[in-house]
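Note sheet for the following structure.
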Amino acid sequence: MRHLLLAVLFLPVRLAAQSTPPPADHGAELATRLERIVTAHHARGAFDGVVLVGRGDRILFHRAIGQADRAWGIPNTTETRFPWASITKQVTAALVLQLVGEGRLALDSTLSAYLPGLRAEHAGRVTLRHLLTNTSGLTNTEAIPGFHVAADSARQVMVTEALGADLSSEPGKTFSYNNLDFLVLGRVVAAATGQSFEQALRSRILDRAGLRKTGMIHDEGVEMRLAAGYVGIGTDSARRFAPSPPVRLASYGAAGALAGTAEDLFRFDRALLQGRLFAPALRDTMFRADPALGYVALSVWTYPLTFAGRRVTLVERQGSIGGYTNLNLLAPDEDVVVIVLGNVDTADLFMTYGGRGLAYEIMREVLAGGSAPAAR
């Protein structure tokens, strides 16, 4: 089901102005370099969407490019909302860790402790940590016929049935990307708080971090200022675009149904990095990769990358549904955030670890010499 894009006027794109630029005007120099990178990717048909770069509490660069809706000729702006897809998992993980910090949940407790009515042989073996690292062995929703086009009531039955199916691997041993893990975490949150997952997410994470333009997508209703998604046909500048195949975005729930702006995602990142959602020790736990699993951490990937001879630790959360392709890239020790929310499928966006792609090029420029933040 393709959500309608209401013909609401979008504001024209403008870069943040400098009220009192530093003598060398490093912020303007960095913005110019980043502008060239974004424009080049757009020109070859590899990116439409919004890019936001922040250092500390300052936004260094905030740029929208391309079309939010090609049929209506509506441009992307910095106010355009995008489905965050699996970046939702990072937000869900933050909610779980907040409840861990309050003593309501424990990472190494099993599903049987929180979902006592669950009739599954493995309920006493799958832990919250397994769910957060996609090592539960549970069935992936992608393997359930009709799951992502079914109505909500039918999906809930499908989830319950999938929970009772045999595991594909021993819990904690093998990474296997799985939306069901986070849908189950949504149920755990509801059981621990006595609220719906959405209510708990709103009051405990979104409102606390100041996310005013972000929320869960629902089966029915109009999503204001939501960009339409497109898939590319062809390559380079000759690339053409077709609307994404129909899908009920709401079906991804706690695994992928959030939609919002880049600036709201920046607010979430700042609250996370500053320890305003839960204690810094738990944030470090969230970012710590399991050596047995490579770079896999709790809902994110953490890995080192070298920029101009300097080794930097990156924390990455990808998100992709249909034509929507997003990346939330953090360099915690540098206090830098690079956010890319796109509404065309972008093959190289997820190649940062390989030293290429839009996000990599942006991070490289920021770490190379963009240390002076532009005033907002």
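Every helix of 4 or more DSSP H residues in the chain counts as -39500 (n - 2.57), and over all residues that averages to -8500 deg cm²/dmol at 222 nm. Taking other C-beta atoms within 10 Å as the exposure proxy, Y230, Y295 rank Y295, Y230 from fewest upward. Going 7 Å from the Cα of T174 along its beta-carbon direction, which residues of segment 280-301 have the amide nitrogen within less than 16 Å of the resulting point? Inside the label zone: 293-294. In order along segment 167-180, the Karplus-derived 3J(HN,Hα) couplings, from 6.51 cos²θ - 1.76 cosθ + 1.60 at θ = phi - 60°, round to 6, 7, 7, 5, x, x, 9, 9, 6, 8, 4, 7, 5, 4 Hz, and Gly and Pro are given as x. Would you mind getting me the FRET efficiency between D207 and A165? Use the beta-carbon distance for r and R0 = 30 Å, nearest 0.05. It comes out at approximately 0.25.
Restricting the calculation to Cα atoms, segment 26-369 yields a radius of gyration followed by a Dmax of 19.5, 60 Å.
A straight chain from A154 to A71 at 0.36 nm per residue would run longer than the Cα-Cα distance by 26.6 nm.
Computed from the coordinates by the stated procedures, all read-outs in this text should not be read as laboratory data. Just so it is clear, the model here is predicted, and its values are computed rather than measured. For neighbour counting, all protein chains shown are included, and Cβ atoms are generated from backbone atoms with ideal geometry for every residue, glycine included.
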